[in-house]
Structure formats: structure tokens, C-alpha cells
Amino acid sequence: MKILFFTGKGGVGKSTMAAAAAWQLSQKNRVLIVSLDPAHNLGDIFGVDLQDNKTRYTNTLYLKEIDLRKLSREYLQRETDVLSSSYKYLQTLNLDNYFSVLKYSPGIEEYALLTSIEKTINSETDFDYIIFDTPPTGLTLRFLALPRVTITWIDRLIQIRQKILEKRYTIHRIRGPLSSEETLLDYKEEDDDILKRLWKLNSNYESLNRILQGENCSIILVFNPDVLSLKESQRLMEGLNDLNLPLRLLIDNKVTKENEGMAGYVEENMKKTAKDIPVDRVFLSKTLLDGKNGKLYDIQQDITSNLF
Ligand SMILES: Nc1ncnc2c1ncn2[C@@H]1O[C@H](COP(=O)(O)OP(=O)(O)O)[C@@H](O)[C@H]1O
Ligand SMILES: [Mg+2]
């Protein structure tokens, strides 16, 4: 299975390019396209009403829009449940209060998005392609960075937990035969639920990170022939590079006869940062702008021909 992420500044045509690629690839493959952008327009592009569940568009093309608010709520609820079952004594602290404050915590949307991407990748295995249409640059870079950030955190937490278990073991030895069943706390690593959960989380994020950095994952950056788009794309490329994520295609979208000079200039500059990455040009389609029927057929270029 191949995974494609369409990224870029708002309005450059990410959703349109993702949809066109999905449409084109679905002529010969089974494709699922998922919109992660809270400002959804995938349904509008295909002219259908989309729900949270995937919707069949043709025999080989399925569409899905993710409800980020619902996802964040569910994510928080799950984490709160885990917290309350792992730390029973916390119940005295009234977890509901935590829940009502935690929903404003930074990072929740990013974790919710990442969890949903992971779930989609792991469960939708009979698709040949999963295409993700991403939210604005900042949020995208943050959720793409999360696996690595989280692994770093979990490693540290594992060390702390192991120290706690060591201390428990010391106490256990000092107390010796005085230890009664009721006062005995787990001190063996393999008995400790918290440590087991940390190990599991660690291995989940490690495998997700391997998928994101792997050869079956492609990040596609869409931009327009203008300087603002160039600047934001350069920041995005820097971010992807820092995270070691595989940028594989640049799409210069909305090129016209009039802006071809600017298109050349922007492409030159993009190539300076992304040396061996192919650049596709997609021309501005008049009918697409008019929003007439059959919009996607108007994208004549084969969006992914340079990818595979
Ligand atoms: N090649 C193109 N030709 C004409 N209009 C385009 C083209 N690409 C995108 N658009 C239009 O530009 C607008 C923004 O595109 P969209 O795909 O929603 O951008 P994004 O998802 O990056 O915010 C839409 O009205 C879309 O129809
Ligand atoms: Mg969009």
C-alpha cells in the first residue's frame, strides 16, 4: 500500500490536486482519499455529501472527511479512561475536572489527527493507495513531528518508571518477610501495567514513524507561482528535512501564460532547496475556476506520473 500526503499553503490547490490524483489513480487501483483539513471541501470537489465514515464514490474510489472536533473529544475520552483505570487513586482528584480543562491543552488536535492516520493506515489495508489531504502547514508539520517527539518523551518516561520499580524492589527487600500481599506493589518490570503501556506506545510510534519515513510514503508539496507560496514552501521543506520525512514531488499549480516567468523563478528557487525532487506543472483551468461539472476531468496532467 502506498501513502500520499498532499501539503502546502492554504488555497494553493492541495485538495484539488489530491482529488485529481485520487481520481486518476483510481482508474487502475483501489484508492481511499481522506481529508484531514478541518475546512473540508473534498465533498464539494466530488459533489457529494460526506460523512465521518468512508463513502463509496466509484467501485475503486472511496472518500472520507475527518471530523477533527469529534476525533479530539474521543481521543481525550480514551486517554482519560486509560488514566483512570491505570491510576485508580486519581479518582479522588475528580478526573472530570481534568477532562474539561485538558480539552484546551495544546497538542490534542495533533495527537487526535495522528491517531486517526495511524488507524486508517492499519485498518484500510485493502486499498492500493491512501491519499491524505492535509490541514494548513503549521498543524501538518506538528502532527508529522509527533511520532519523533513522543518517542523521545516515552523513552524518558520509561527510564523514570524503571527507577520507581527499582526503588520498590529495594523497599521490598528491606521489608523482606514483613511484606504482606496487600501492601506489596509490583516491582518486576514484566508485571507493571504502566511500563507495559509505555512499551506498547513506544513500539506503536516507532512503527508509525517507520511507515512515515519509509519508501511507500510520499509527501507532495503543492505551491503556486508567487513569492508568498515560495516562502512558505521553503519553510515546509526545511521542516520535512529536519524530520527526515520523504518529500517526493513538487507541484507548481495554477500556472498560466501570464505567470509562466514567475513560475520558472519559483521553481528554480524550490529546486535549490529540494535538489533531486521532480517538479510537475499544472495549468490553471478556466472551467475548474467556474466550478462547472466534471471539474476533475479538466486537470489534464497526470499528477503522479513522476512519483512511481
Ligand atoms: N489547476 C487549477 N485550476 C483552476 N483552479 C484551481 C486549480 N487548482 C485549484 N484551483 C482552485 O483554487 C481554489 C483553492 O483550491 P483548493 O484545492 O481548495 O486549495 P487548498 O486545498 O490548498 O486550500 C479552489 O477554488 C480550486 O477550485
Ligand atoms: Mg483544502
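The values are calculated or read from the model by the stated rules, or taken from the named source; none is laboratory data. None of these values were measured; they are calculated from a predicted model. Note that each Cβ is placed from the backbone with ideal geometry, even for glycine, and that neighbours are counted across all protein chains shown.
Which is at pLDDT 90 or above, away from ligand 1 (no atom under 16 Å from the Cβ) and farther than 22 Å from R281 by Cα, of L93, L32? Before the answer, list the steps.
Numbers: L93 fails: at pLDDT 90 or above.
Answer to the check: L32.
Hey, K257 hits all of (1) away from ligand 1 (no atom under 16 Å from the Cβ); (2) out of contact with any helix residue (DSSP H, G or I) (no Cβ under 8 Å at 6 or more places or on another chain) but one; which does it fall short on?
(1)
Every residue in region 150-178 that is within 30 Å of I108 (Cβ to Cβ) and of a type in the set (S, T, Y), please.
T150, T152
Go through the residues of region 106-113 one by one and say whether even a single one is surrounded by fewer than 16 Cβ atoms within 10 Å (Cβ to Cβ) and more than 22 Å from Q301 (Cβ to Cβ).
Taking region 106-113 first, the residues surrounded by fewer than 16 Cβ atoms within 10 Å (Cβ to Cβ) are 106-107.
Those still in the list that are more than 22 Å from Q301 (Cβ to Cβ) too: 106-107.
Yes: one or more hits.
Select from region 119-148 the residues that are out of contact with any Gly (no Cβ under 9 Å at 6 or more places or on another chain) and over 21 Å from A39 (Cα atoms) and list them in ascending order.
Within region 119-148, K119, I121, N122, S123, E124, T125, D126, F127, D128, Y129, P147, R148 meet the criteria.
Could you name every one of the helices (runs of 4 or more DSSP H) located completely within region 23-133 that has at least 2 residues being away from ligand 2 (no atom under 16 Å from the Cβ) and either without any contact (Cβ under 8 Å) to a residue 40 or more places away in the chain or among the hydrophobic types (A, V, I, L, M, F, W, C) (or both)?
Working: elements: 42-46, 68-86, 95-102, 108-123.
Ranges flagged: 68-86, 95-102, 108-123.
Can you go through L208, L236 and tell me which one is among the hydrophobic types (A, V, I, L, M, F, W, C), outside any strand (DSSP E or B) and within 19 Å of D128 (Cα to Cα)?
On the way: L236 fails: within 19 Å of D128 (Cα to Cα).
Just a single option satisfies the conditions, and that option is L208.
Just give me the residues in region 2-15 being more than 10 Å from ligand 2 (Cβ to nearest atom) and either assigned to a strand (DSSP E or B) or at positive phi (or both), in sequence order.
Of the residues in region 2-15, the ones more than 10 Å from ligand 2 (Cβ to nearest atom) are 2-5, 7, 9.
Answer for region 2-15, where residues must be more than 10 Å from ligand 2 (Cβ to nearest atom) and either assigned to a strand (DSSP E or B) or at positive phi (or both): K2, I3, L4, F5, T7.
So, of the residues in region 96-119 that are among the β-branched types (V, I, T) and under 24 Å from the mean Cα position of the chain (by Cα), which turns out to be modelled with the lowest pLDDT? First the steps, then the outcome.
So in region 96-119, the residues among the β-branched types (V, I, T) come out as 101, 108, 115, 117.
Going one step further and asking which of them are under 24 Å from the mean Cα position of the chain (by Cα), we end up with 108, 115, 117.
Working: I108: 88, T115: 91, I117: 94.
Checking each candidate, the answer is I108.
Evaluate region 57-76: report whether one residue or more is within 16 Å of ligand 1 (Cβ to nearest atom) and surrounded by fewer than 16 Cβ atoms within 10 Å (Cβ to Cβ).
Here is the first cut: in region 57-76, the ones within 16 Å of ligand 1 (Cβ to nearest atom) are 63-66, 68.
Retained after the next criterion (residues that are surrounded by fewer than 16 Cβ atoms within 10 Å (Cβ to Cβ)): none.
Looking through region 57-76, none of the residues is within 16 Å of ligand 1 (Cβ to nearest atom) and surrounded by fewer than 16 Cβ atoms within 10 Å (Cβ to Cβ).
One line per residue, one yes/no per condition, for (1) at pLDDT 90 or above; (2) farther than 23 Å from T115 by Cα; (3) within 13 Å of ligand 1 (Cβ to nearest atom):
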residue	(1), (2), (3)
M17	yes, yes, yes
S26	yes, yes, no
A39	no, no, yes
K54	yes, no, no
